[in-house]
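Derivation of every value follows stated rules applied to the coordinates shown; laboratory data play no part. Everything numeric here is computed off the predicted structure, so don't read it as measured data. Here Cβ is always computed from backbone atoms with ideal geometry, including for glycine, and neighbour counts include all displayed protein chains.
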Amino acid sequence: KYKYSLDPTIKHGRWTEEENKKLVELVMMYGEDRMDKVAEGMGTRSRRQCLERWRWQMPDVKKGHFSPEEDALILEAVKIYGTNFAVIQKVTGIPRKPRHISQHYQNKLDPSIDRSPWTPEEEAKLYQVCMENGRNMVKTKQMLDSKRSIRDMWNHFNCYQKRGKKE
């Protein structure tokens, strides 16, 4: 449990440019699935540190808003490959994680999502069911048989609650 926090050879804190370059070289050599080998090659970083640095802080993974071009690529790929977002990411070459592409599709692009304005009845029912289910939006969506995205429901619930509209 404390192996890496007590190990004097494991470095903590900011990564240097040299470490970043070495990380890229080692991941290219061993692959993303062999972070144990990558960490061994680094010598001064743990497997977990290497994995987290690679996943979240490397500049080749795009973050922020999706472009209209990315949206078009995703929609076209979903027609061909279904909702296998790992395949879609590889085929389209979109520099984002498959999970992020999936979430973007489910929350913004999916044509089955209801984007119409909320009715007062829908708001009241959403609030009631959310309060009964401990704000579990997956369960709430199922109970309401809603065509809205879970993110839309969550955001709307929070706004509704802040406005103080309670039954």
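Between helix 68-81 and the chain, what is the angle of the helix's C-alpha long axis to the longest principal axis, kept within 0 to 90° and rounded to the nearest 10? Its long axis makes an angle of about 90 degrees. Charges were assigned to the Cβ only: +1 to each Lys and Arg, -1 to each Asp and Glu. The resulting dipole of the chain about its Cα centre is roughly 540 debye. The sum of -39500 (n - 2.57) across all DSSP H runs of n ≥ 4, divided by the residue count of the chain, sets its helix-only mean residue ellipticity at 222 nm to -16500 deg cm²/dmol. Rounded, prolate or oblate for segment 68-109? Axes are the square roots of the Cα gyration tensor eigenvalues, ordered a ≥ b ≥ c, and the cut-off for rounded is a/c under 1.5. Rounded, since a/c falls under 1.5. Rounded to the nearest angstrom and listed largest first, the equivalent-ellipsoid semi-axes of the chain from its Cα gyration tensor are 41, 23, 13. Cross-link check: pairs 37/63; 63/147; 22/79; 97/125; 11/97; 62/108 evaluated at a Cα-Cα cut-off of 29 Å; pairs beyond the cut-off: 22/79; 97/125.
When the square roots of the Cα gyration tensor eigenvalues are ordered a ≥ b ≥ c, the ratio a/c for segment 3-57 is 1.5 or more and a/b exceeds b/c, which makes its shape prolate. With contacts taken as Cα pairs under 8 Å and at least 6 residues apart, the chain reaches a relative contact order of 13 percent. Working from Cα pairs under 8 Å separated by at least six residues, relative contact order for segment 120-162 is 42 percent.
Sites listed here are GluC sites (Glu not before Pro) in segment 19-77 whose DSSP assignment is loop and whose Cβ has at most 14 other Cβ atoms within 10 Å: 32. Among 141, 125, a tally of other beta-carbon atoms within 10 Å of each Cβ gives an order, fewest to most, of 125, 141.
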